[in-house]
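*Asks:* Take this structure first; my questions come after.
The values are calculated or read from the model by the stated rules, or taken from the named source; none is laboratory data. Computed from a prediction, not measured in an experiment: that's the story for all the values here. Cβ atoms come from the backbone with ideal geometry, glycine included; neighbour counts cover every protein chain shown. Ligands, DNA and RNA are excluded from the accessible area calculation, which covers all protein heavy atoms including side chains. Shrake-Rupley method; radii C 1.70, N 1.55, O 1.52, S 1.80 Å.
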Amino acid sequence: MEGIGAVLIDIDGVLTVSWKALPGAVAAMERLRAAGLPLLLVTNTTSRTRAVVAGRLAREGFPVGVDDILTAPAATAAYLRAHHPDARCLLINSGEVRADLEGVEIVGGGADDEDREAPDVVVFGGAGEEFGYAALNAAFRHLQRGARLVAMHRNLYWRTADGLDLDTGAFLPGLERAAGVEAVVTGKPAEAFFATALAQLGAEASETLMVGDDIESDVLAAQRCGLTGVLVKTGKYLPETHRAATGTPDRVLDSFADLPDLLGLPDLLGLPGRPDRSGRPERPASPERPAP
């Protein structure tokens, strides 16, 4: 594949499942790094901060740092600072990500009209036990009073080691319909999210490739923004979802491990310290002893 100068990569379901590296993913990332190809990991993960994500990936062997990661919470913070400065925000999310919400005032869910902590914006992150009836009903009442609704994503489900789990998109449409509002989505598949990622890389959409396991939010959304979309058959990929999709990916791969070959990158096998096909670094050959 010619003309690709930068790569955006989803994390969950593409590089890892339940934060364990998928087969061949680390070795593939090493090949992208060795080729000097600019890359950014773009994720709707809302349960961990960028720093925590970078640490987990590093422990799995991925050569990435904090500056290589753009999360939905970080993009949400940028949106709130730009469009709702000084707003009081009620965050409903599974996981602690406040460190990535710099400059955003997080308040409690004050239920009474007199409560000075009543939010101006209701912010939905990723679903979990926090998305119970009480929390959703409180959000509904705030929206009835005029609060704005912002969602980090609309993902219907995500892949765990135990199978698929429901995510925010399974609850958000009902709340929107009940309250008569429409959420502003700040993570994938929002165009603004991809624009932020491209700006961070300093890349043009026409020369950038997006790799994801979600055909709608990752791949087709990127293609609508002018990127090349590559779908991988790992993570949340389902054949029936692929068949029913609203469009066709530019390319489909079995896994992220196949990406370097698609891009025509050099094979690093056999070089000292480079990974073998198991993903483990090879040991340099011992030097021969000189003849006596």
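*Asks:* Residues being within 26 Å of residue 192 (Cβ to Cβ), without any contact (Cβ under 8 Å) to a residue 40 or more places away in the chain and more than 15 Å from the chain's Cα centre (by Cα): count how many of those fall in the range 141-153. Quick ask: steps written out before the conclusion?
*Replies:* The first filter runs over the range 141-153 and keeps only residues within 26 Å of residue 192 (Cβ to Cβ), leaving 142-143, 146-153.
Add one more test, that the residue is without any contact (Cβ under 8 Å) to a residue 40 or more places away in the chain, and what stays is 143, 146, 149, 151.
Next cut, more than 15 Å from the chain's Cα centre (by Cα) only: 143, 146, 149.
Final tally of qualifying residues: 3.
*Asks:* Pairs only if they're at least six apart or on different chains, beta carbon under 7 angstrom, first in the range 189-206 and under 16 Å from residue 43 (Cα atoms), second open to solvent by less than 20 Å² (accessible area, probe 1.4 Å) and polar (S, T, N, Q); list them, first residue then second.
*Replies:* Hits for this filter: 189/217; 192/186; 193/186; 198/208.
*Asks:* Further question: Looking at the structure I just gave you, is residue 156 more than 15 Å from the chain's Cα centre (by Cα) and among the aliphatic types (A, V, I, L, M)? Write out each step before concluding.
*Replies:* Working: more than 15 Å from the chain's Cα centre (by Cα): no; among the aliphatic types (A, V, I, L, M): yes.
For residue 156, the condition - more than 15 Å from the chain's Cα centre (by Cα) and among the aliphatic types (A, V, I, L, M) - is not met.
*Asks:* With respect to residue 248, determine if the residue is open to solvent by 20 Å² or more (accessible area, probe 1.4 Å), not aromatic (Phe, Trp, Tyr) and not in a helix (DSSP H, G or I).
*Replies:* Spelling it out, residue 248 is indeed open to solvent by 20 Å² or more (accessible area, probe 1.4 Å), not aromatic (Phe, Trp, Tyr) and not in a helix (DSSP H, G or I).
*Asks:* Oh, and also: Kindly provide the set of residues from the range 91-100 that are more than 18 Å from residue 169 (Cα to Cα) and out of contact with any Leu (no Cβ under 9 Å at 6 or more places or on another chain), ordered by number.
*Replies:* Answer for the range 91-100, where residues must be more than 18 Å from residue 169 (Cα to Cα) and out of contact with any Leu (no Cβ under 9 Å at 6 or more places or on another chain): 96, 99, 100.
*Asks:* So which pairs qualify, if the first residue must be in the range 1-20 and within 28 Å of residue 157 (Cα to Cα) and of a type in the set (Val, Ile, Thr), the second must be part of a strand (DSSP E or B) and open to solvent by 30 Å² or more (accessible area, probe 1.4 Å), the Cβ gap must be under 8 Å, and the two must be at least 6 apart or on different chains?
*Replies:* If the second residue must be part of a strand (DSSP E or B) and open to solvent by 30 Å² or more (accessible area, probe 1.4 Å), the pairs left are 17/159.
*Asks:* From 26, 107, 121, which residue is closer than 30 Å to residue 207 by Cβ and touching a residue at least 12 places away in the same chain (Cβ under 8 Å)?
*Replies:* 26
*Asks:* Having 2 or more residues that are small (Gly, Ala, Ser) and open to solvent by 70 Å² or more (accessible area, probe 1.4 Å) is the bar; report the strands (runs of 3 or more DSSP E) wholly within the range 128-212 that clear it.
*Replies:* Counting at least 2 such residues, we get no strands (runs of 3 or more DSSP E) at all.
*Asks:* A further question follows. Would you pick out the residues in the range 213-243 that are open to solvent by 30 Å² or more (accessible area, probe 1.4 Å) and at positive phi?
*Replies:* Within the range 213-243, just 226 meets the criteria.
*Asks:* Kindly indicate whether residue 261 is under 21 Å from residue 62 (Cβ atoms), of a type in the set (D, E, K, R), over 22 Å from the mean Cα position of the chain (by Cα) and at pLDDT 95 or above.
*Replies:* yes
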